[in-house]
Structures are given as structure tokens and as C-alpha cells.
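Have a look at the structure below before the remarks.
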Amino acid sequence: VLMVDDSGVARDQVIRVLDRLGVEFTTASDGQQAFDQLQAWLEEGRDVENWLALVISDVEMPRMDGYSLTRAIRAHPRLSHLHVVLHTSLSGVFNQSMGQMVGANDFLPKWEPDTLAMVVQERLQRHASECRTVA
């Protein structure tokens with residue numbers, strides 16, 4: 001999992017959920033750092049779409065926000081199928097519509113660790129199944 005958030009408090013919450021689930025993860029503090037990491041993994045020769053189960057990203061961040069990060073992922077030919085979860089304190093129909101418009105797979109409210117854990121577990125199971133099918 002690649003987890004992206006500029007807030008230390010929010011990062012710690014997601015880290016607790018991922019640790020509880022026994023999930024390996026990498027953190028980034030904004031969308032640009034996350035996209036740079038994805039590109040670095042590609043340059044290392046990783047098949048990122050099969051190796052990385054999901055990206056969990058905040059929306060409001062400096063340098064590159066979560067909407068722009070999702071847009072950049074969808075536009076990249078070797079990243080476009082990554083599962084992206086926007087994990088945000090923003091709510092409302094407009095923000096959910098923006099998430100859908102940029103191609104996010106899920107739009108989750110922050111501060112609901114049980115919901116996040118459920119989505120992560122479901123995605124990890126689906127990703128493991130997809131990887132076995134590809135292999």
C-alpha cells in the first residue's frame with residue numbers, strides 16, 4: 001500500500017489500521033512525492049499495478065492534491081489500473097463527484113478506521129486473487 005497524507009495525525013491513524021492488518025506500506029507526505037515514488041518503482045523495473053494493492057490518498061495536500069494525483073495515475077499507461085482510495089475530511093456530493101470524475105475507486109471519510117480497515121481488507125483479497133489469476 002502507498003499511503004499519502006500531509007497530516008501526521010491522519011498518517012498515524014492510517015498506519016495503525018495498516019499495522020493492525022499486517023500490511024506492508026510506504027508513506028508519502030503529498031501527491032507529488034507519491035507520484036515520484038510510483039515512477040521510481042517503475043524505473044526499478046517493478047510491475048507496480050500487480051505489486052501494489054492500492055493507494056490511499058488524502059485530498060487536500062500541498063504541491064499535488066489527491067485529485068491531481070489520481071488524475072496523474074489514471075493518465076499514466078503503466079499505473080492507470082491502480083486502485084485509488086481518496087481518504088479525506090472533505091464531505092458532500094461535490095467532493096464525491098470530484099473523486100468519481102478523476103477516477104478514484106473509493107471515497108472514504110477520515111476518522112472512520114473500521115471503514116478504512118474493511119475497504120483495505122476487501123481490496124487486498126481482491127488484489128491477491130487478481131495476481132494469482134495473472135501469474
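Quick notes
- Considering (1) touching a helix residue (DSSP H, G or I) at 6+ places or on another chain (Cβ under 7 Å); (2) surrounded by 15 or more Cβ atoms within 10 Å (Cβ to Cβ); (3) at pLDDT below 95; (4) not aromatic (Phe, Trp, Tyr), the lone condition that Val4 does not fulfil carries the number (3).
- Contact map, the range 59-83: residues that are over 13 Å from Val102 (Cβ atoms) and open to solvent by 30 Å² or more (accessible area, probe 1.4 Å) paired with residues that are hydrophobic (A, V, I, L, M, F, W, C) and in a loop (DSSP other than H, G, I, E, B), Cβ distance under 8 Å, separation 6+ or inter-chain. Pairs shown: Glu60/Leu90.
- Scanning the range 1-23 for residues that are assigned to a loop (DSSP other than H, G, I, E, B) and in contact with an Asp or Glu (Cβ under 6 Å, 6 or more places away or on another chain) turns up Asp5, Asp6.
- Residue satisfying all of: in the range 92-121; part of a loop (DSSP other than H, G, I, E, B) and loosely packed, with under 15 Cβ neighbours inside 10 Å; modelled with the lowest pLDDT among these: Gly92
- Residue match in the range 12-34 (condition: more than 26 Å from Glu130 (Cβ to Cβ), buried (at least 16 other Cβ atoms within 10 Å of the Cβ) and of a type in the set (Gly, Ala, Ser)): yes
The values are calculated or read from the model by the stated rules, or taken from the named source; none is laboratory data. Since this is a predicted model, take the numbers as computed values, not measurements. Reconstructed Cβ throughout: ideal geometry from the backbone, glycine too, with neighbour counts over all protein chains shown. Heads up: the accessible areas ignore ligands, DNA and RNA and are worked out on the full protein's heavy atoms, side chains in. Shrake-Rupley method; radii C 1.70, N 1.55, O 1.52, S 1.80 Å.
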